[in-house]
Amino acid sequence: MAPITIIGGGLAGLTAAVACAETGAEVVVHEAHATLGGRARPAAAPWLAHVAGGTRSRDSAQPSGPAWGRDLPPPGPHALYTDGPHWSWLAERDLVGPVATIPLREVRGIRFHRGGRLRRTPPASVLPLLAHRSRRAPVDVDFHTWAAALHGEQAARAAAGLIGAVTYDSDPGRLSAAFVWGLLLRVTAPRAPAIRWVVGGWPVLVDRLAARARELGARIVTSSRVDALPEPPVIVATQLESARALLGDDALTWESGHCVLLDVGLVTTRRDAFVVADLDDAGFVQRVTGVDPTLAPAGHALVQADMPLKPGEPRAAALARLEHLLDLGFPRWRDRVVWRRSEFAAGRSGALDLPGSTWRDRPAVDRGDGVFLAGDLVAAPGMRGEVSLNSALHAARSATARAGAGVRIAG
Ligand SMILES: Cc1cc2nc3c(=O)[nH]c(=O)nc-3n(C[C@H](O)[C@H](O)[C@H](O)COP(=O)(O)OP(=O)(O)OC[C@H]3O[C@@H](n4cnc5c(N)ncnc54)[C@H](O)[C@@H]3O)c2cc1C
């Protein structure tokens, strides 16, 4: 059986490593950085904000953790949804560990920024739209046009703003109606919300994945950048721009968000909001310690926020709009800051499908000749990191079949 090489030790690479090693295949993972996790790595303790590997702003403190690199991710709250195959795969293997849900006391702290003001409720205009949950939305029309024709401009705008938290795009209404509608149905699911946070953050998930891969015999080599494609079968589980260089294929591109990210550590007060969902500009602010207090030192809150850039907008202007959201939701936060970091993230927050395209049109997993792609801008279902996991499982199935493994990966 031919050994399988996996390039990249983020969620996609480690998932592929576990899935391949479970079949008995010989697996080697190469990770360019000294630490595993890619965009799921945290900043240095005690502030466990996620780093996204974007471009640091001048005002941000240099994280003191190891292996900080330009090609790694920016900060942001990382959640998992429990309503997809990625979750079943993780849960069956006990790879997630303890998770947190939104505590009831925090629900009162959810705010909606609309019409320039913070409000406690979303606009009533959005409710008729969300009531028709069995409706199918077209792929080839933008969400705004489709939703506005059904329920008016105001409802369309507010609904698009509601998924700013998962799209990182200044105008989610421009995206495919089918794509946005699918996200809205998941984000606003009426039963118990499917969203979960891994206690301790995604690094816990990364550690568990890596430990399982090693247990199954996979070799994981860090500080090992791969500059040329090794012998197949090979799974390229890097960011798409690195895959583009490795495969020498300029067609490997896909739409993704552009936003500024701001993480602040604050001395706690009881008047802070839990979430500010910005229905005006698709920004999002969350006091992540509201669900997981282990993410910051005692007596402090970790707030993670993002604001998508409008076309042509300077980063500083988007950052100022984001800081204004904090002014509204976190009284006197500027006087309470003890830690702060901001970043610019382009193409790091997952795939966005424009009108006329679905996930099936993204760069295919199977590149031919025993080369397979995995990552969050690749042809697999789900949102954001789920796409990395689902594409990794697809790539692992194909790579093990190519390697001649006797055991097949289900699914
Ligand atoms: C602010 C923000 C918030 C987010 N929030 C969420 C969320 O709540 N939920 C969610 O599901 N997703 C979220 N995401 C998306 C999620 O972080 C990513 O989709 C996921 O982490 C991507 O994992 P990956 O393994 O595909 O890629 P990466 O994490 O980028 O891993 C790729 C790895 O490949 C390595 N590499 C690159 N080139 C080479 C090379 N030549 N040789 C060897 N190694 C190489 C890199 O060092 C890196 O470790 C968020 C993203 C951002 C930016």
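The values are calculated or read from the model by the stated rules, or taken from the named source; none is laboratory data. A quick note: this is a predicted structure, and the numbers were derived from the prediction, not measured. All Cβ positions, even for glycine, are placed from backbone atoms using ideal geometry, and neighbour counts span all protein chains on display.
Structure above, values below:
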| quantity | calculated |
| --- | --- |
| Long-range neighbours under 8 Å by Cβ, at least six apart or interchain, first residue at positive phi and near the ligand (Cβ under 9 Å from one of its atoms) within segment 4-20, second outside any loop (DSSP other than H, G, I, E, B) and modelled with pLDDT of 95 or more | 8/29; 8/30; 8/236; 8/242 |
| Exclusive hit being closer than 18 Å to residue 304 by Cβ and not assigned by TED's automatic domain parsing to the domain that holds residue 166, set 384, 336, 360, 397 | 384 |
| Selection count, segment 293-328, where residues are assigned to a helix (DSSP H, G or I), among the hydrophobic types (A, V, I, L, M, F, W, C) and within 11 Å of residue 276 (Cβ to Cβ) | 4 |
| Helices (runs of 4 or more DSSP H) fully within segment 109-176 counting 2 or more residues that are among the β-branched types (Val, Ile, Thr) and out of contact with any His (no Cβ under 8 Å at 6 or more places or on another chain) | 164-167 |
| Subset of segment 90-122 [more than 25 Å from residue 198 (Cβ to Cβ) and in contact with a Lys or Arg (Cβ under 6 Å, 6 or more places away or on another chain)] | 112, 118 |
| Out of 322, 328, sole residue that is at pLDDT 95 or above and within 14 Å of the ligand (Cβ to nearest atom) | 322 |
| Complete set of residues in segment 219-238 that are more than 9 Å from the ligand (Cβ to nearest atom), under 23 Å from residue 368 (Cα atoms), buried (at least 19 other Cβ atoms within 10 Å of the Cβ) and among the hydrophobic types (A, V, I, L, M, F, W, C) | 234, 235 |
| Residue 269 of a type in the set (S, T, N, Q), assigned to a loop (DSSP other than H, G, I, E, B), assigned by TED's automatic domain parsing to the domain that holds residue 172 and in contact with a helix residue (DSSP H, G or I) (Cβ under 8 Å, 6 or more places away or on another chain) | yes |
| Checklist (1) among the small types (Gly, Ala, Ser); (2) within 14 Å of the ligand (Cβ to nearest atom); (3) in contact with a Phe, Trp or Tyr (Cβ under 8 Å, 6 or more places away or on another chain) applied to residue 273, failing item | (2) |
| Residue in segment 200-209 that is away from the ligand (no atom under 14 Å from the Cβ), basic (Lys, Arg) and within 30 Å of residue 110 (Cα to Cα) present | no |
| Residue 346 being assigned by TED's automatic domain parsing to the domain that holds residue 20 and either touching a His at 6+ places or on another chain (Cβ under 8 Å) or within 19 Å of residue 213 (Cα to Cα) (or both) | no |
